[in-house]
Amino acid sequence: MSHLTGHQVRIAAHGRDIINVAQASVCGGELVGLIGPNGAGKTTLLRAMAHLTPLQGGSMALDGVAMGSLDPRERARRVAYVEQSGAAAWPVSVADLVGLGRLPHLKALAKQGSGDRDAVAAALAATGCQHLAGRSVDTLSSGERSRVLLARAVAGKPEILLLDEPVAALDPAQQLAILTLLRDLAGQGLGILAVLHDLPLAARFCHRLILLKNGQVLADGSPQIVLQDQMLAELFGIEVESGERDGQRWVLPWRALP
Amino acid sequence: MRALVLLWSLTGVLALLSLCMGPTGFAPGIVAQALDGEATGRLILFELRLPRALLALLVGGTLGLAGATLQGLFRNPLAEPGIIGVSGCAALGAVIAFYSGLSASIPLGLPLGGVLGALLAIALLLALAARDARISTLLLAGVALSALAGALTALALNLSPNPYATVEVVFWLLGSLSDRSMEHVLLALPFMVVGSALMLFCGRGLEALTLGEDTATSLGVSIRRLRSLAVIGAALAVGAGVAVTGAIGFVGLIVPHLLRPLVGHRPAPLLWLSIPGGAALTLAADIAVRLIGGAVELRLGVATALIGAPFFLWLVLRLSRRAA
Amino acid sequence: MAGRRGALLLPTLVLLASFLAPPSAQAQTAKPQRIVSLNLCTDQLLLELVGRERIASVSFLATDPEFSAVVDQAAGIPPNRGLAEEIVGFDPDLVLAHRFASRQSVEALKRLGYAVVEIDLPQDLAAVRDQIATVAAAVGEPARGRALADRIEARLAALPQPAGKRPTAAIYEPSGYAFGANSLADAILRAAGFDNLAAELGIGGYARLGLETLLASPPDMLVVDDTAADRRSMAQQFLDHPALRRRFPDGSRIAVPRRLWICGGSAVAEAATLLSRARLERESRRR
């Protein structure tokens, strides 16, 4: 099982520490939710794990090898990153956009081979986008676009998937579908770290949660352990209602604390 | 790809047609004479008409490619060497190199002057785009840069002690393919070949850039390397071209725009297609210029601007309507 | 006693009047002593007709070796750029100008009452003689003017004309400009024994002759000025086109400095002599 781990991660800007995290990790087979209030540094931490932001201190390692010392194409093959706003510069077809995920696998100036096309087809199927393959990306609804962007990442057959708000601005049915999909992918061996804004969804679908506030990890563990009233009061300043259904615990923000 | 074959065939036909154009219009007689081995015919065909056709092909092809590359790099369909001031700065560099006498003492000094001018322009624009990536900002900066380069070019020519220099601003700012020689072709050719190769290597990076810089980086693309390849490639090709033909505008705007739908809007195939596209457009414009001109020869840059400027306006309106 | 005072009165009055009268009135009574020339062609004629002590200023081009045929003679004479204020500073009693140059300055000088004589660029040899006569009359040296014109015509007449078919030549200038019919250069070519190809191709005056057109109907000899020191311009580089160099190698080229054919004067005979010599050399090579 692959694992992506950050130790003593420190990111500073304007003389301030934005991120100061002793340990943050994601392993194959688990869906990890990165949650916290606005401005906690979730996107920053995620980007650091994707090796997109330089660290002022600490290290980020994939299977014990520093991310920085990996060949960029190997890194790209093993770790996929999906940013929050997936605006495409050109109105390409969905198939072509998803095909971008195969770039780390293609040799210089080479075109896609049958293996690549199969991977693209599989990714489209997994995300339920087969019927969108010929459509131009600028004709997609936001829900469809989120799925297509996810398909792009999946097409590369990565070991680790880093997602920034994959279900923001989606309607409830789509949110449930995507998170179910992510859970399935984790079950197939992918390690997924997703920044999530929606507390109930995070609580229900994630194997593990990392609670981030002011750039520091408040708690890191399974939802059952971590989502205690005290923790939620400190993290979000809220009181929650909770219960159980079908053997799964659900959590619902009830009121804001003074 | 079928479109590629078609465009190259069209380019070939137009090149042959260009070889049949004389000073007063269609004049294939010279070609027949040359093929017969007649000295005058051979001289005119190989020393006058052939360099002209070759330059139209080379300059047009590299302008089309540079337009496609810059549009992919800036993720902006309005970027092209003329509008964003690259051609203007290349002309300024070439003018300084030529009229100061540097180009006479340094081999390849003339195209190098053009290349340096173009490099400076693109570097400036990239630095600006890093701080403010909006389309409008880039275009406004390009307009300012073009105007500045044009004024400095006219100034440099005015300051030249040579009595002919002042009037030649028309050549540098409007471009012309007439009375060029094979020496000019050979002067620019190595820069254009290297520059084009560098730009073609950008294909993959530009594809990845479709989803933004972060996604591209996560796909294993080095943004810095991509920028260097694109910038240096475009500067080499455009700089050398402008140094021998003056600034010819709008080819890099029109060609990628027209061809993009044929390749599903994908940046990489567009690069390859823009070469014959640009070559064909420039050859056609140069043929038209000689057909229409008559006694006074219409500058090529005027012809491309007459087509290109209205096209640019239409494009701007269409894009703003879509954004609204 | 009154008669003698009266006898002195008239000359005194005349003398006084001469100080008060405008300068133009003065010029009518004596040869001009402070002549200013605004134009290179009038500079050259002036220096051939009068002594330096009578010349107040010549144009700034007179000492430019690229354009002037009288560089040595003009050395040391104060130059002018044709500006009215400048000219007034020299207090000239005669101003020589070209009819189409420095228009505003010339009009201003006329308004201020200065004597201005304007000449045209001569378009044939008869005009050269007329022009010399005009300038000679203005500077008060009609005899020297006639002698100069006679000398020029004698030198031209002494040039041999070809027995059989006349060879063709064309004068090719930067940017491909050529001298066609109705130009002084045309007359010089013909005096040297050539037919002017540019005229035969329909060029009139000074106009562009396309490179391909020239190569398609080439003259026997091409007259080009290769002597300019600074050739840094597109216009001059045009004359270095490989096609021109190939078609007109040294044997078919005549280098004549353009300063010899842009003005009327002794330079005309110089140019014609150079051209004639080149024609004869070519003939002897072909035999």
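The values are calculated or read from the model by the stated rules, or taken from the named source; none is laboratory data. Being a predicted model, the structure only gives us computed values, none of them experimental. Ideal geometry is used to build each Cβ from the backbone, glycine not excepted, and the neighbour counts take in all protein chains shown.
Could you tell me which numbered condition C:D124 fails, if it satisfies all but one of (1) within 19 Å of the chain's Cα centre (by Cα); (2) on the phi > 0 side of the Ramachandran plot?
Condition (2) is where C:D124 drops out.
Keeping to the stretch B:213-243, report how many residues are in contact (Cβ under 8 Å) with a residue 60 or more places away in the chain and either over 30 Å from A:A48 (Cα atoms) or within 11 Å of another protein chain (Cβ to nearest Cβ) (or both). I'd like the intermediate steps shown before the answer.
Of all residues in the stretch B:213-243, those in contact (Cβ under 8 Å) with a residue 60 or more places away in the chain come to B:226-227, B:230-243.
Of the ones still in play, those that are also either over 30 Å from A:A48 (Cα atoms) or within 11 Å of another protein chain (Cβ to nearest Cβ) (or both) are B:232-243.
Total meeting the criteria: 12.
Inside the stretch C:222-243, can you point out the residues that are aliphatic (A, V, I, L, M) and in contact with a Leu (Cβ under 8 Å, 6 or more places away or on another chain)? I'd like the intermediate steps shown before the answer.
Step one: list which residues in the stretch C:222-243 are aliphatic (A, V, I, L, M), which gives C:222-224, C:228-229, C:234-235, C:239, C:243.
Result: C:L222, C:V223, C:V224, C:A243.
C:P167 - would you say it is surrounded by fewer than 16 Cβ atoms within 10 Å (Cβ to Cβ) and more than 24 Å from C:L49 (Cα to Cα)?
Numbers: surrounded by fewer than 16 Cβ atoms within 10 Å (Cβ to Cβ): no; more than 24 Å from C:L49 (Cα to Cα): yes.
Judged against the criteria, C:P167 is not a match.
Can you pull out the residues in the stretch C:51-69 that are among the hydrophobic types (A, V, I, L, M, F, W, C) and closer than 20 Å to C:Y114 by Cα?
Once the filter is applied, which keeps residues that are among the hydrophobic types (A, V, I, L, M, F, W, C) and closer than 20 Å to C:Y114 by Cα, the stretch C:51-69 yields C:I55, C:A56, C:V58.
Could you list, in sequence order, the residues of the stretch A:68-119 that are among the basic types (K, R), at the interface with another protein chain (Cβ under 7 Å from one of its Cβ atoms) and within 18 Å of the chain's Cα centre (by Cα)? Steps first, answer last, please.
First, the residues of the stretch A:68-119 that are among the basic types (K, R): A:73, A:75, A:77-78, A:102, A:107, A:111, A:117.
Remaining after also requiring at the interface with another protein chain (Cβ under 7 Å from one of its Cβ atoms): A:73, A:75.
Within the stretch A:68-119, A:R75 is the sole residue that qualifies.
For the stretch C:108-138, give me each residue that is hydrophobic (A, V, I, L, M, F, W, C), in a loop (DSSP other than H, G, I, E, B) and crowded, with 18+ Cβ neighbours inside 10 Å.
Residues of the stretch C:108-138 that are hydrophobic (A, V, I, L, M, F, W, C), as a first pass: C:108-109, C:112, C:115-117, C:119, C:121, C:125-128, C:132-133, C:135-138.
Those still in the list that are in a loop (DSSP other than H, G, I, E, B) too: C:112, C:115, C:121.
Correct list: C:A115, C:L121.
Among the residues of the stretch B:227-276 satisfying the criterion of being among the β-branched types (V, I, T) and within 18 Å of B:F74 (Cα to Cα), which is surrounded by the fewest Cβ atoms within 10 Å (Cβ to Cβ)?
Step one: of the stretch B:227-276, the residues among the β-branched types (V, I, T) are B:231-232, B:238, B:242, B:244-245, B:248, B:251, B:254-255, B:263, B:275.
If we keep only those that are within 18 Å of B:F74 (Cα to Cα) as well, we get B:231-232, B:238, B:251, B:254-255.
Working: B:V231: 24, B:I232: 18, B:V238: 38, B:V251: 32, B:I254: 23, B:V255: 30.
If we take residues in the stretch B:227-276 being among the β-branched types (V, I, T) and within 18 Å of B:F74 (Cα to Cα), then B:I232 is surrounded by the fewest Cβ atoms within 10 Å (Cβ to Cβ).
Considering the stretch A:1-18 alone, what residues qualify as being β-branched (V, I, T) and under 18 Å from the mean Cα position of the chain (by Cα)? Spell out the reasoning first.
So the first thing to find is which residues in the stretch A:1-18 are β-branched (V, I, T), and the list is A:5, A:9, A:11, A:18.
Correct list: A:T5 only.
Which numbered condition trips up B:R224, out of (1) within 20 Å of the chain's Cα centre (by Cα); (2) surrounded by fewer than 24 Cβ atoms within 10 Å (Cβ to Cβ)?
Result: B:R224 passes all but (1).
Just to check your reading of the model, which residue among C:F238, C:F194, C:F248 is closer than 22 Å to B:V167 by Cβ and modelled with pLDDT of 90 or more? Walk me through how you get there before you give the answer.
On the way: C:F194 fails: closer than 22 Å to B:V167 by Cβ; C:F248 fails: closer than 22 Å to B:V167 by Cβ.
None of the other options fit; the residue is C:F238.
Residue by residue through the stretch A:133-177, note down the ones that are surrounded by 24 or more Cβ atoms within 10 Å (Cβ to Cβ) and within 10 Å of A:L97 (Cβ to Cβ).
A:V137, A:V148, A:L149, A:A151, A:R152, A:A155
Do you know which of the residues in the stretch B:33-54 that are away from chain C (no Cβ under 13 Å) and at pLDDT 90 or above is surrounded by the most Cβ atoms within 10 Å (Cβ to Cβ)?
Going residue by residue through the stretch B:33-54, those that are away from chain C (no Cβ under 13 Å) are B:35-37, B:53-54.
This time we only want the ones that are at pLDDT 90 or above, so: B:53-54.
Details: B:A53: 25, B:L54: 21.
Top of the filtered list is B:A53.
Scan the helices (runs of 4 or more DSSP H) fully inside the stretch B:1-100 and keep the ones with 3 or more residues being in contact with an Asp or Glu (Cβ under 9 Å, 6 or more places away or on another chain) and not polar (S, T, N, Q). Can you show your working first?
Details: elements: B:2-19, B:29-36, B:39-44, B:50-74, B:86-99.
In the stretch B:1-100, B:50-74, B:86-99 are the helices (runs of 4 or more DSSP H) which contain 3 or more residues that are in contact with an Asp or Glu (Cβ under 9 Å, 6 or more places away or on another chain) and not polar (S, T, N, Q).
Just to be sure I understand, how many residues within the stretch A:97-129 are within 20 Å of B:L206 (Cα to Cα) and crowded, with 18+ Cβ neighbours inside 10 Å?
Residues flagged as within 20 Å of B:L206 (Cα to Cα) and crowded, with 18+ Cβ neighbours inside 10 Å within the stretch A:97-129 amount to 11.
Looking at C:E85, is it over 19 Å from C:R259 (Cα atoms) and either surrounded by fewer than 21 Cβ atoms within 10 Å (Cβ to Cβ) or aromatic (F, W, Y) (or both)? Full working, then the answer.
On the way: over 19 Å from C:R259 (Cα atoms): yes; either surrounded by fewer than 21 Cβ atoms within 10 Å (Cβ to Cβ) or aromatic (F, W, Y) (or both): yes.
When the stated conditions are applied, C:E85 passes them.
Is it fair to say B:G113 is buried (at least 23 other Cβ atoms within 10 Å of the Cβ), touching a residue at least 12 places away in the same chain (Cβ under 8 Å) and closer than 30 Å to A:A89 by Cβ?
Details: buried (at least 23 other Cβ atoms within 10 Å of the Cβ): yes; touching a residue at least 12 places away in the same chain (Cβ under 8 Å): yes; closer than 30 Å to A:A89 by Cβ: no.
Against the criterion (buried (at least 23 other Cβ atoms within 10 Å of the Cβ), touching a residue at least 12 places away in the same chain (Cβ under 8 Å) and closer than 30 Å to A:A89 by Cβ), B:G113 does not qualify.
Quick one: is A:A22 over 29 Å from A:L181 (Cβ atoms), surrounded by fewer than 19 Cβ atoms within 10 Å (Cβ to Cβ) and among the small types (G, A, S)? First the steps, then the outcome.
Numbers: over 29 Å from A:L181 (Cβ atoms): yes; surrounded by fewer than 19 Cβ atoms within 10 Å (Cβ to Cβ): yes; among the small types (G, A, S): yes.
Yes.
A quick yes/no check of all residues on (1) away from every other protein chain (no Cβ under 14 Å); (2) out of contact with any Asp or Glu (no Cβ under 8 Å at 6 or more places or on another chain); (3) polar (S, T, N, Q):
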{"site": "C:A163", "(1), (2), (3)": "yes, yes, no"}
{"site": "C:E173", "(1), (2), (3)": "no, no, no"}
{"site": "C:L184", "(1), (2), (3)": "yes, no, no"}
{"site": "C:R190", "(1), (2), (3)": "yes, yes, no"}
{"site": "C:G193", "(1), (2), (3)": "yes, yes, no"}
{"site": "C:I203", "(1), (2), (3)": "no, yes, no"}
{"site": "C:T213", "(1), (2), (3)": "no, yes, yes"}
{"site": "C:F238", "(1), (2), (3)": "no, no, no"}
{"site": "C:R245", "(1), (2), (3)": "no, yes, no"}
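Out of the helices (runs of 4 or more DSSP H) lying entirely within the stretch A:160-258, which hold 2 or more residues that are over 21 Å from A:L45 (Cα atoms) and free of Cβ contacts under 8 Å to residues at least 12 places away in the same chain?
On the way: elements: A:172-187, A:199-205, A:223-226, A:229-236.
Filter on the stretch A:160-258 gives A:172-187, A:229-236.
Look through the stretch C:218-250, keep the residues that are of a type in the set (G, A, S) and out of contact with any strand residue (DSSP E or B) (no Cβ under 9 Å at 6 or more places or on another chain), and return whichever of them is surrounded by the fewest Cβ atoms within 10 Å (Cβ to Cβ). Step through it out loud before you land on a result.
Restricting attention to the stretch C:218-250, the residues satisfying the condition of being of a type in the set (G, A, S) are C:228-229, C:233, C:235, C:243.
In the following step, the residues that additionally are out of contact with any strand residue (DSSP E or B) (no Cβ under 9 Å at 6 or more places or on another chain) were identified as C:228-229, C:233, C:243.
On the way: C:A228: 19, C:A229: 6, C:S233: 22, C:A243: 20.
Looking at residues that are of a type in the set (G, A, S) and out of contact with any strand residue (DSSP E or B) (no Cβ under 9 Å at 6 or more places or on another chain), I get C:A229.
Looking for something part of a strand (DSSP E or B), among the hydrophobic types (A, V, I, L, M, F, W, C) and under 21 Å from the mean Cα position of the chain (by Cα) - is there at least one such residue anywhere in the stretch A:45-60? If you could, list the steps in order and put the result at the bottom.
The initial filter retains those residues of the stretch A:45-60 that are part of a strand (DSSP E or B), namely A:57-60.
Those left that are additionally among the hydrophobic types (A, V, I, L, M, F, W, C): A:60.
Subset that is under 21 Å from the mean Cα position of the chain (by Cα): A:60.
Within the stretch A:45-60 (the criterion being part of a strand (DSSP E or B), among the hydrophobic types (A, V, I, L, M, F, W, C) and under 21 Å from the mean Cα position of the chain (by Cα)), the answer is yes, since at least one residue qualifies.
Out of B:L78, B:L102, I need the residue that is surrounded by fewer than 24 Cβ atoms within 10 Å (Cβ to Cβ), within 14 Å of chain C (Cβ to nearest Cβ) and of a type outside the set (D, E). Which one?
Values: B:L78 fails: within 14 Å of chain C (Cβ to nearest Cβ).
Checking each option against the conditions leaves just B:L102.
Which is within 13 Å of chain B (Cβ to nearest Cβ) and closer than 19 Å to C:R190 by Cβ, of C:I262, C:I254? Before the answer, list the steps.
Working: C:I254 fails: within 13 Å of chain B (Cβ to nearest Cβ).
Just one listed residue meets the conditions, C:I262.
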